[in-house]
Amino acid sequence: MKLNTKTKKNMKLSTINLFDKKPLIIAGPCSAETEEQLMATSKALAASGKVGMIRAGIWKPRTRPGSFEGVGVPGLEWMKAVKEETGLPVTIEVANFKHVFEALKYKIDVLWIGARTTANPFSVQEIAEALIGTDATVFIKNPVNPDIDLWVGAFERLHKSGISKLAAVHRGFASYGKSKYRNDPHWQIPIELKRRLPELPIVCDPSHICGNRMCLPQIAQRALDLDFAGLMIESHISPDEAWSDKDQQVTPDDLVTLLDALVLRTPDIQSEDLSRTLESLRNEINEIDDELLNLLSSRMKVADKIGVYKRNNGITILQNERWNEIIEKANAIGSKIGLSAQFIERFLKAVHQESINHQNEVMNRTTINNS
Ligand code: PEP
Ligand code: MN
(Lines give C-alpha, C1' and ligand atoms only; values in the text may rest on other atoms or scores of the structure.)
(Ligands and ions follow the chains in the order given, each with its own letter.)
Protein backbone atom coordinates (compact mmCIF):
# COMPACT_ATOMS: atom_id res chain seq x y z
CA MET A 1 0.00 0.00 0.00
CA LYS A 2 1.53 3.28 -1.11
CA LEU A 3 1.18 6.49 0.85
CA ASN A 4 -0.81 8.84 -1.31
CA THR A 5 0.71 12.15 -0.35
CA LYS A 6 -1.59 13.93 -2.78
CA THR A 7 -4.64 12.72 -0.85
CA LYS A 8 -3.15 13.80 2.44
CA LYS A 9 -2.24 17.28 1.24
CA ASN A 10 -5.42 18.02 -0.65
CA MET A 11 -7.98 16.77 1.80
CA LYS A 12 -8.76 19.44 4.38
CA LEU A 13 -11.45 18.12 6.66
CA SER A 14 -13.75 20.14 8.89
CA THR A 15 -14.29 19.02 12.44
CA ILE A 16 -17.54 17.24 13.22
CA ASN A 17 -18.88 18.33 16.61
CA LEU A 18 -20.45 14.94 17.12
CA PHE A 19 -16.98 13.66 17.99
CA ASP A 20 -16.34 16.23 20.72
CA LYS A 21 -17.10 13.57 23.25
CA LYS A 22 -15.33 10.37 22.24
CA PRO A 23 -16.31 7.65 21.59
CA LEU A 24 -19.42 8.69 19.67
CA ILE A 25 -22.00 5.93 20.05
CA ILE A 26 -24.37 5.56 17.12
CA ALA A 27 -27.17 3.09 17.73
CA GLY A 28 -30.55 2.16 16.36
CA PRO A 29 -32.21 -0.54 14.37
CA CYS A 30 -30.83 -2.03 11.20
CA SER A 31 -34.09 -0.97 9.52
CA ALA A 32 -36.89 1.39 10.41
CA GLU A 33 -39.86 -1.01 10.33
CA THR A 34 -42.77 0.84 11.92
CA GLU A 35 -43.03 4.19 13.63
CA GLU A 36 -43.66 2.42 16.96
CA GLN A 37 -40.60 0.14 16.67
CA LEU A 38 -38.34 3.02 15.69
CA MET A 39 -39.67 5.38 18.36
CA ALA A 40 -39.61 2.82 21.19
CA THR A 41 -36.04 1.78 20.31
CA SER A 42 -34.84 5.37 19.98
CA LYS A 43 -36.46 6.54 23.21
CA ALA A 44 -34.86 3.71 25.17
CA LEU A 45 -31.47 4.45 23.61
CA ALA A 46 -31.76 8.17 24.33
CA ALA A 47 -32.83 7.50 27.92
CA SER A 48 -29.59 5.59 28.51
CA GLY A 49 -27.66 8.82 28.08
CA LYS A 50 -24.93 6.87 26.29
CA VAL A 51 -25.98 7.28 22.69
CA GLY A 52 -24.95 10.31 20.63
CA MET A 53 -26.82 9.59 17.40
CA ILE A 54 -29.70 7.39 16.23
CA ARG A 55 -29.32 5.29 13.09
CA ALA A 56 -31.88 3.43 10.95
CA GLY A 57 -31.95 2.09 7.42
CA ILE A 58 -34.81 3.54 5.35
CA TRP A 59 -33.80 2.01 2.03
CA LYS A 60 -32.15 -1.39 2.57
CA PRO A 61 -29.61 -2.87 0.18
CA ARG A 62 -30.41 -6.57 0.36
CA THR A 63 -28.19 -9.26 -1.08
CA ARG A 64 -31.05 -11.15 -2.68
CA PRO A 65 -34.39 -9.91 -4.01
CA GLY A 66 -37.61 -10.70 -2.24
CA SER A 67 -36.58 -9.66 1.26
CA PHE A 68 -37.68 -6.51 3.05
CA GLU A 69 -36.14 -3.55 1.23
CA GLY A 70 -37.01 -0.76 3.62
CA VAL A 71 -40.03 1.44 4.25
CA GLY A 72 -38.78 4.32 2.09
CA VAL A 73 -39.93 7.96 2.39
CA PRO A 74 -42.50 7.47 5.22
CA GLY A 75 -39.57 6.38 7.41
CA LEU A 76 -38.09 9.87 7.04
CA GLU A 77 -41.13 11.35 8.82
CA TRP A 78 -40.49 8.87 11.65
CA MET A 79 -36.82 9.88 11.81
CA LYS A 80 -37.89 13.51 12.06
CA ALA A 81 -40.20 12.58 14.94
CA VAL A 82 -37.36 10.65 16.63
CA LYS A 83 -35.13 13.69 16.39
CA GLU A 84 -37.79 15.94 17.92
CA GLU A 85 -38.66 13.49 20.66
CA THR A 86 -35.12 12.49 21.73
CA GLY A 87 -33.17 15.63 20.83
CA LEU A 88 -30.54 13.38 19.23
CA PRO A 89 -29.18 13.76 15.69
CA VAL A 90 -30.20 11.05 13.25
CA THR A 91 -28.46 9.21 10.41
CA ILE A 92 -29.65 7.11 7.47
CA GLU A 93 -28.06 5.34 4.51
CA VAL A 94 -28.19 6.92 1.06
CA ALA A 95 -27.32 5.11 -2.13
CA ASN A 96 -28.44 7.39 -4.96
CA PHE A 97 -29.53 10.89 -5.98
CA LYS A 98 -33.14 10.36 -4.91
CA HIS A 99 -32.14 9.22 -1.42
CA VAL A 100 -29.94 12.29 -0.99
CA PHE A 101 -32.70 14.60 -2.21
CA GLU A 102 -35.24 13.11 0.23
CA ALA A 103 -32.81 13.00 3.16
CA LEU A 104 -31.91 16.66 2.72
CA LYS A 105 -35.60 17.58 2.46
CA TYR A 106 -36.20 15.93 5.86
CA LYS A 107 -33.08 17.51 7.37
CA ILE A 108 -31.41 14.23 8.29
CA ASP A 109 -28.26 15.22 10.21
CA VAL A 110 -25.78 12.70 8.84
CA LEU A 111 -25.91 10.61 5.66
CA TRP A 112 -23.98 7.39 5.43
CA ILE A 113 -22.88 5.61 2.29
CA GLY A 114 -23.22 1.84 2.62
CA ALA A 115 -20.56 -0.75 1.83
CA ARG A 116 -22.13 -1.90 -1.44
CA THR A 117 -22.43 1.68 -2.64
CA THR A 118 -18.85 2.64 -1.73
CA ALA A 119 -17.73 -0.23 -3.97
CA ASN A 120 -19.33 1.51 -6.96
CA PRO A 121 -17.60 4.73 -8.08
CA PHE A 122 -20.56 5.68 -10.33
CA SER A 123 -22.91 5.68 -7.32
CA VAL A 124 -20.45 7.53 -5.09
CA GLN A 125 -19.99 10.15 -7.80
CA GLU A 126 -23.76 10.52 -8.16
CA ILE A 127 -24.10 11.10 -4.41
CA ALA A 128 -21.16 13.51 -4.38
CA GLU A 129 -22.73 15.57 -7.15
CA ALA A 130 -26.15 15.55 -5.48
CA LEU A 131 -24.49 17.11 -2.41
CA ILE A 132 -22.74 20.01 -4.16
CA GLY A 133 -23.53 23.28 -2.41
CA THR A 134 -24.76 21.64 0.80
CA ASP A 135 -23.16 21.55 4.23
CA ALA A 136 -23.83 17.82 4.63
CA THR A 137 -21.98 15.51 7.00
CA VAL A 138 -21.26 12.18 5.36
CA PHE A 139 -19.96 8.93 6.83
CA ILE A 140 -18.55 6.45 4.34
CA LYS A 141 -18.53 2.75 5.09
CA ASN A 142 -15.68 0.68 3.72
CA PRO A 143 -16.37 -1.03 0.37
CA VAL A 144 -17.38 -4.70 0.61
CA ASN A 145 -14.07 -5.70 -0.96
CA PRO A 146 -10.81 -5.07 0.93
CA ASP A 147 -9.62 -2.26 -1.34
CA ILE A 148 -8.33 0.75 0.54
CA ASP A 149 -7.93 2.85 -2.60
CA LEU A 150 -11.61 2.44 -3.39
CA TRP A 151 -12.43 3.65 0.13
CA VAL A 152 -10.05 6.62 -0.12
CA GLY A 153 -11.39 7.33 -3.62
CA ALA A 154 -14.90 7.73 -2.20
CA PHE A 155 -13.62 10.34 0.29
CA GLU A 156 -11.85 12.14 -2.55
CA ARG A 157 -15.04 12.22 -4.63
CA LEU A 158 -17.07 13.73 -1.77
CA HIS A 159 -14.32 16.16 -0.92
CA LYS A 160 -14.08 17.34 -4.53
CA SER A 161 -17.78 18.20 -4.31
CA GLY A 162 -17.05 20.49 -1.38
CA ILE A 163 -18.09 18.08 1.38
CA SER A 164 -15.50 18.33 4.13
CA LYS A 165 -17.39 16.98 7.14
CA LEU A 166 -16.46 13.37 6.57
CA ALA A 167 -15.98 10.28 8.71
CA ALA A 168 -15.31 6.62 7.96
CA VAL A 169 -17.20 3.55 9.13
CA HIS A 170 -15.30 0.29 9.29
CA ARG A 171 -17.81 -2.56 8.87
CA GLY A 172 -15.53 -5.36 7.71
CA PHE A 173 -14.93 -6.99 4.35
CA ALA A 174 -16.64 -9.86 2.57
CA SER A 175 -14.73 -13.11 2.22
CA TYR A 176 -15.51 -16.33 0.46
CA GLY A 177 -15.83 -19.49 2.48
CA LYS A 178 -15.89 -20.15 6.18
CA SER A 179 -15.03 -17.35 8.58
CA LYS A 180 -15.93 -16.66 12.16
CA TYR A 181 -17.03 -13.18 11.06
CA ARG A 182 -19.85 -12.09 8.82
CA ASN A 183 -17.37 -9.59 7.41
CA ASP A 184 -13.68 -9.98 8.14
CA PRO A 185 -12.33 -6.93 10.03
CA HIS A 186 -8.91 -6.81 8.29
CA TRP A 187 -7.82 -4.28 10.92
CA GLN A 188 -4.75 -3.32 8.91
CA ILE A 189 -7.03 -1.53 6.40
CA PRO A 190 -8.60 1.03 8.78
CA ILE A 191 -5.17 1.39 10.40
CA GLU A 192 -3.73 2.29 7.00
CA LEU A 193 -6.65 4.67 6.38
CA LYS A 194 -5.78 6.43 9.64
CA ARG A 195 -2.18 6.72 8.51
CA ARG A 196 -3.18 8.21 5.16
CA LEU A 197 -5.90 10.52 6.50
CA PRO A 198 -4.98 11.22 10.14
CA GLU A 199 -7.73 13.78 10.67
CA LEU A 200 -10.54 11.52 9.51
CA PRO A 201 -12.60 10.13 12.41
CA ILE A 202 -13.14 6.37 12.07
CA VAL A 203 -16.15 4.65 13.58
CA CYS A 204 -16.30 0.88 13.93
CA ASP A 205 -19.50 -1.05 13.17
CA PRO A 206 -19.12 -4.31 15.13
CA SER A 207 -22.66 -5.42 14.17
CA HIS A 208 -21.86 -5.99 10.50
CA ILE A 209 -18.40 -7.38 11.28
CA CYS A 210 -19.80 -9.98 13.69
CA GLY A 211 -23.18 -10.90 12.23
CA ASN A 212 -24.09 -12.19 15.71
CA ARG A 213 -24.48 -10.70 19.19
CA MET A 214 -21.83 -12.72 20.94
CA CYS A 215 -18.73 -11.22 19.37
CA LEU A 216 -19.85 -7.56 19.60
CA PRO A 217 -18.02 -6.75 22.87
CA GLN A 218 -14.74 -8.17 21.64
CA ILE A 219 -14.82 -6.19 18.37
CA ALA A 220 -16.01 -3.01 20.08
CA GLN A 221 -13.17 -3.20 22.62
CA ARG A 222 -10.63 -3.91 19.91
CA ALA A 223 -11.79 -0.83 17.98
CA LEU A 224 -11.49 1.39 21.05
CA ASP A 225 -8.02 0.01 21.74
CA LEU A 226 -7.09 1.02 18.21
CA ASP A 227 -8.29 4.55 19.05
CA PHE A 228 -11.39 4.55 16.85
CA ALA A 229 -13.52 7.67 17.33
CA GLY A 230 -16.83 5.86 17.75
CA LEU A 231 -19.00 2.77 17.45
CA MET A 232 -22.10 2.10 15.37
CA ILE A 233 -24.09 -0.75 16.89
CA GLU A 234 -27.48 -2.01 15.75
CA SER A 235 -30.11 -2.05 18.46
CA HIS A 236 -33.78 -3.08 18.24
CA ILE A 237 -36.52 -3.03 20.85
CA SER A 238 -37.18 -6.73 20.12
CA PRO A 239 -34.28 -8.06 18.07
CA ASP A 240 -35.69 -11.54 17.53
CA GLU A 241 -38.55 -10.01 15.59
CA ALA A 242 -36.40 -7.70 13.46
CA TRP A 243 -37.15 -7.62 9.75
CA SER A 244 -33.45 -7.52 8.85
CA ASP A 245 -30.20 -8.53 10.56
CA LYS A 246 -31.94 -9.98 13.59
CA ASP A 247 -29.06 -12.18 14.74
CA GLN A 248 -26.76 -9.22 15.33
CA GLN A 249 -29.11 -6.70 16.95
CA VAL A 250 -29.24 -6.15 20.71
CA THR A 251 -31.91 -4.60 22.92
CA PRO A 252 -31.19 -1.08 24.20
CA ASP A 253 -30.66 -2.60 27.68
CA ASP A 254 -28.11 -5.09 26.38
CA LEU A 255 -26.38 -2.31 24.52
CA VAL A 256 -25.97 -0.38 27.77
CA THR A 257 -24.49 -3.48 29.45
CA LEU A 258 -22.10 -3.89 26.55
CA LEU A 259 -21.04 -0.23 26.64
CA ASP A 260 -20.58 -0.24 30.42
CA ALA A 261 -18.17 -3.17 30.16
CA LEU A 262 -15.89 -1.44 27.65
CA VAL A 263 -12.56 -0.14 28.91
CA LEU A 264 -11.69 3.35 27.69
CA ARG A 265 -8.00 4.00 27.14
CA THR A 266 -6.23 7.11 25.96
CA PRO A 267 -3.76 7.48 23.09
CA ASP A 268 -1.90 10.14 25.09
CA ILE A 269 1.11 9.02 27.05
CA GLN A 270 0.93 11.29 30.08
CA SER A 271 3.32 10.36 32.88
CA GLU A 272 7.09 10.50 32.44
CA ASP A 273 7.44 7.02 33.84
CA LEU A 274 5.04 5.56 31.34
CA SER A 275 6.72 7.36 28.51
CA ARG A 276 10.19 6.11 29.57
CA THR A 277 9.03 2.50 29.89
CA LEU A 278 7.33 2.66 26.50
CA GLU A 279 10.35 4.27 24.90
CA SER A 280 12.69 1.60 26.12
CA LEU A 281 10.35 -1.19 24.97
CA ARG A 282 10.01 0.54 21.60
CA ASN A 283 13.79 0.70 21.30
CA GLU A 284 13.90 -3.02 21.90
CA ILE A 285 11.33 -3.50 19.13
CA ASN A 286 13.33 -1.27 16.78
CA GLU A 287 16.46 -3.31 17.36
CA ILE A 288 14.62 -6.58 16.77
CA ASP A 289 13.07 -5.17 13.58
CA ASP A 290 16.54 -4.19 12.33
CA GLU A 291 17.80 -7.69 13.06
CA LEU A 292 14.79 -9.23 11.32
CA LEU A 293 15.36 -7.14 8.18
CA ASN A 294 19.08 -7.96 8.12
CA LEU A 295 18.30 -11.65 8.51
CA LEU A 296 15.76 -11.46 5.69
CA SER A 297 18.31 -9.74 3.51
CA SER A 298 20.81 -12.56 4.22
CA ARG A 299 18.11 -15.08 3.40
CA MET A 300 17.53 -13.45 0.01
CA LYS A 301 21.26 -13.54 -0.75
CA VAL A 302 21.19 -17.31 -0.21
CA ALA A 303 18.06 -17.50 -2.38
CA ASP A 304 19.98 -15.67 -5.13
CA LYS A 305 22.76 -18.30 -4.96
CA ILE A 306 20.15 -21.06 -5.23
CA GLY A 307 18.73 -19.21 -8.24
CA VAL A 308 22.12 -19.29 -9.96
CA TYR A 309 22.44 -23.02 -9.23
CA LYS A 310 18.92 -23.76 -10.53
CA ARG A 311 19.57 -21.71 -13.65
CA ASN A 312 22.84 -23.44 -14.42
CA ASN A 313 21.24 -26.86 -13.95
CA GLY A 314 17.93 -26.15 -15.69
CA ILE A 315 15.80 -26.65 -12.56
CA THR A 316 12.46 -24.89 -11.97
CA ILE A 317 12.20 -22.23 -9.27
CA LEU A 318 9.19 -23.73 -7.53
CA GLN A 319 9.89 -26.99 -5.72
CA ASN A 320 6.61 -27.94 -4.10
CA GLU A 321 7.97 -30.59 -1.77
CA ARG A 322 10.56 -28.22 -0.36
CA TRP A 323 7.92 -25.51 0.17
CA ASN A 324 5.70 -27.98 2.07
CA GLU A 325 8.66 -29.01 4.18
CA ILE A 326 9.32 -25.35 5.14
CA ILE A 327 5.68 -24.73 6.14
CA GLU A 328 5.40 -27.94 8.16
CA LYS A 329 8.66 -27.34 10.01
CA ALA A 330 7.66 -23.78 10.86
CA ASN A 331 4.19 -24.82 12.02
CA ALA A 332 5.71 -27.35 14.39
CA ILE A 333 8.07 -24.78 15.91
CA GLY A 334 5.55 -21.92 15.87
CA SER A 335 3.11 -23.39 18.32
CA LYS A 336 5.97 -23.81 20.81
CA ILE A 337 7.17 -20.22 20.58
CA GLY A 338 3.82 -18.46 20.72
CA LEU A 339 3.18 -17.70 17.05
CA SER A 340 -0.19 -18.47 15.50
CA ALA A 341 -0.37 -20.86 12.55
CA GLN A 342 -2.19 -18.13 10.61
CA PHE A 343 0.65 -15.64 11.14
CA ILE A 344 3.35 -18.18 10.27
CA GLU A 345 1.63 -19.09 7.06
CA ARG A 346 1.10 -15.46 6.01
CA PHE A 347 4.66 -14.50 6.93
CA LEU A 348 6.29 -17.45 5.20
CA LYS A 349 4.19 -17.00 2.09
CA ALA A 350 5.43 -13.41 1.83
CA VAL A 351 9.05 -14.51 2.40
CA HIS A 352 8.70 -17.36 -0.10
CA GLN A 353 7.22 -14.99 -2.70
CA GLU A 354 10.14 -12.58 -2.24
CA SER A 355 12.60 -15.49 -2.68
CA ILE A 356 10.81 -16.51 -5.87
CA ASN A 357 11.00 -12.91 -7.14
CA HIS A 358 14.73 -12.85 -6.40
CA GLN A 359 15.33 -16.17 -8.13
CA ASN A 360 13.20 -15.09 -11.07
CA GLU A 361 15.38 -12.01 -11.43
CA VAL A 362 18.59 -14.09 -11.22
CA MET A 363 17.38 -16.74 -13.69
CA ASN A 364 16.03 -14.37 -16.29
CA ARG A 365 18.69 -11.68 -16.25
CA THR A 366 19.46 -10.70 -19.83
CA THR A 367 23.18 -10.47 -19.26
CA ILE A 368 23.89 -13.80 -17.70
CA ASN A 369 26.96 -13.99 -15.56
CA ASN A 370 27.79 -16.57 -12.99
CA SER A 371 27.56 -14.54 -9.84
C1 PEP B 1 -26.52 -1.30 7.60
O2 PEP B 1 -25.82 -0.53 8.28
O3 PEP B 1 -27.60 -1.74 7.98
C4 PEP B 1 -25.97 -1.80 6.33
C5 PEP B 1 -26.72 -2.17 5.32
O6 PEP B 1 -24.65 -1.82 6.37
P7 PEP B 1 -23.52 -2.22 5.28
O8 PEP B 1 -23.56 -1.17 4.21
O9 PEP B 1 -22.30 -2.14 6.13
O10 PEP B 1 -23.81 -3.61 4.79
MN1 MN C 1 -27.89 -4.07 9.18
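Size of the dipole of the stretch 1-101 about the Cα centre, Lys and Arg at +1 and Asp and Glu at -1 on the beta carbon, nothing else charged, in debye to 20?
940
GNM on the chain, C-alpha springs below 10 Å: top fluctuator among Leu318, Leu193, Leu258?
Leu318
Springs between alpha-carbon pairs under 10 angstrom, Gaussian network model over the chain: which of Glu287, Glu84, Glu126 fluctuates most?
Top of the fluctuation ranking is Glu287.
So how much slack lies between Ser275 and Glu77, counting 0.36 nm per residue of separation and subtracting their Cα-Cα distance, in nm?
Fully extending the segment from Ser275 to Glu77 adds 66.1 nm.
Using a Gaussian network model of the chain whose springs link C-alpha atoms within less than 10 Å, name the residue from Ile140, Ile269, Ile326 with the highest mean-square fluctuation.
Per the Cα network of the chain with a 10 Å cutoff, Ile326 tops the list.
To the nearest Å, what is the center-to-center distance of the stretch 94-133 and the stretch 73-90, using C-alpha atoms only?
Result: 18 Å between the Cα centres.
Which distance in Å, rounded to a whole number, links the C-alpha centroids of the stretch 137-180 and the stretch 297-315?
Using only Cα atoms, the two centres lie 43 Å from each other.
Which semi-axes, in whole Å and largest first, does the equivalent ellipsoid of the chain have when worked out from the alpha carbon gyration tensor as the square roots of 5 times its eigenvalues? Could you put the intermediate results ahead of the total?
Numbers: eigenvalues 410, 112, 93 Å².
After diagonalising the Cα gyration tensor, the semi-axes are 45, 24, 22 Å.
Answer rounded, prolate or oblate for the stretch 114-158, using the Cα gyration tensor with square roots of eigenvalues a ≥ b ≥ c: rounded when a/c is under 1.5, else prolate when a/b is larger than b/c, else oblate. Please list the in-between numbers first.
Working: a/c = 2.11, a/b = 1.90, b/c = 1.11.
Cα axes put the stretch 114-158 in the prolate bin.
Looking at the chain, what % of its DSSP beta bridges pair antiparallel, to the nearest 5?
Values: 1 of 30 bridges.
Of the beta bridges lying entirely in the chain, close to 5 percent run antiparallel.
Leaving out ligands and nucleic acids, and using a 1.4 Å probe, what accessible area per residue does the chain come to in Å²?
Details: 20350 Å² over 371 residues.
Per-residue value: 55 Å².
Give the residue from Val203, Ala154, Leu111 lying farthest towards the positive end of the charge dipole for the stretch 5-261; charges sit on Cβ (+1 for Lys and Arg, -1 for Asp and Glu) and the dipole is referred to the Cα centre.
Ala154
Under the classification rounded if a/c is under 1.5, otherwise prolate if a/b is larger than b/c and oblate if not, where does the stretch 210-349 fall, given a ≥ b ≥ c as square roots of the Cα gyration tensor eigenvalues? Walk me through the intermediate numbers first.
Details: a/c = 3.85, a/b = 1.72, b/c = 2.23.
Here the stretch 210-349 falls in the oblate category.
Please enumerate, by chain and number, the lysines with C-alpha under 25 Å from the C-alpha of Lys301, excluding those fewer than 8 residues away in the same chain.
Lys310, Lys329, Lys349
Going down the table (Lys105/Lys141; Lys21/Lys246; Lys22/Lys180), which pairs top 27 Å between alpha carbons? Numbers along the way, then the final one.
Numbers: Lys105/Lys141 23 Å; Lys21/Lys246 29 Å; Lys22/Lys180 29 Å.
In this structure, Lys21/Lys246; Lys22/Lys180 exceed 27 Å between Cα atoms.
Among Asn212, Asn142, Asn10, which residue has its Cα positioned farthest towards the positive end of the charge dipole of the stretch 5-261, with +1 placed on the Cβ of Lys and Arg, -1 on the Cβ of Asp and Glu, and the dipole taken about the Cα centre?
About the Cα centre, the residue reaching furthest to the positive side is Asn10.
Pull out a ≥ b ≥ c, the square roots of the eigenvalues of the alpha-carbon gyration tensor of the stretch 272-363, then state rounded if a/c is under 1.5, prolate if not and a/b is larger than b/c, and oblate in the remaining case. Before the final figure, lay out the partial values.
On the way: a/c = 3.99, a/b = 1.89, b/c = 2.12.
Note, shape of the stretch 272-363 comes out oblate.
Ignoring everything except DSSP H segments at least 4 long, calculate the 222 nm mean residue ellipticity for the chain; use -39,500 (n - 2.57) per segment, divide by total residues, nearest 500.
Numbers: 14 runs with 181 residues, N = 371.
Result for the chain, helices only: -15500 deg cm²/dmol.
With +1 on each Lys and Arg Cβ and -1 on each Asp and Glu Cβ, and nothing else charged, work out how big the dipole of the stretch 5-261 is about its Cα centre, in Debye to the nearest 20. Walk me through the intermediate numbers first.
Values: 32 positive and 31 negative charges, 193 e Å.
Value, rounded to 20: 920 debye.
How large is ³J(HN,Hα), in whole Hz, for each residue of the stretch 159-166 in order, when computed from phi with the Karplus curve 6.51 cos²θ - 1.76 cosθ + 1.60 and θ = phi - 60°, using x for Gly and Pro?
Those phi angles translate into 5, 5, 8, x, 8, 10, 8, 10 Hz.
Rounding to the nearest 20 debye, state how big the charge dipole of the stretch 211-360 is about its Cα centre with +1 on each Lys and Arg Cβ and -1 on each Asp and Glu Cβ. Mind showing how you got there, number by number?
On the way: 16 positive and 25 negative charges, 258 e Å.
Dipole size: approximately 1240 debye.
Identify, among Phe68, Ala81, Thr91, the residue whose Cα sits farthest towards the positive end of the charge dipole of the stretch 11-94, taking +1 on the Cβ of Lys and Arg and -1 on the Cβ of Asp and Glu, with the dipole about the Cα centre.
Of the options given, the answer is Thr91.
Per the 1.4 Å probe, what fraction of the accessible area of the chain, in percent, lies on carbon and sulfur atoms? Intermediate results must be reported in sequence, preceding the final value.
Details: 10780 of 20350 Å².
Carbon plus sulfur share of accessible area: 53 percent.
The values are calculated or read from the model by the stated rules, or taken from the named source; none is laboratory data. These figures come from a predicted structure and were not determined experimentally. Don't worry about glycine lacking a Cβ; one is built from the backbone with ideal geometry, like all the others, and counts go over all protein chains shown. Quick note on the areas: whole protein, heavy atoms, side chains included, nothing else; ligands and nucleic acids left out. Shrake-Rupley method; radii C 1.70, N 1.55, O 1.52, S 1.80 Å.
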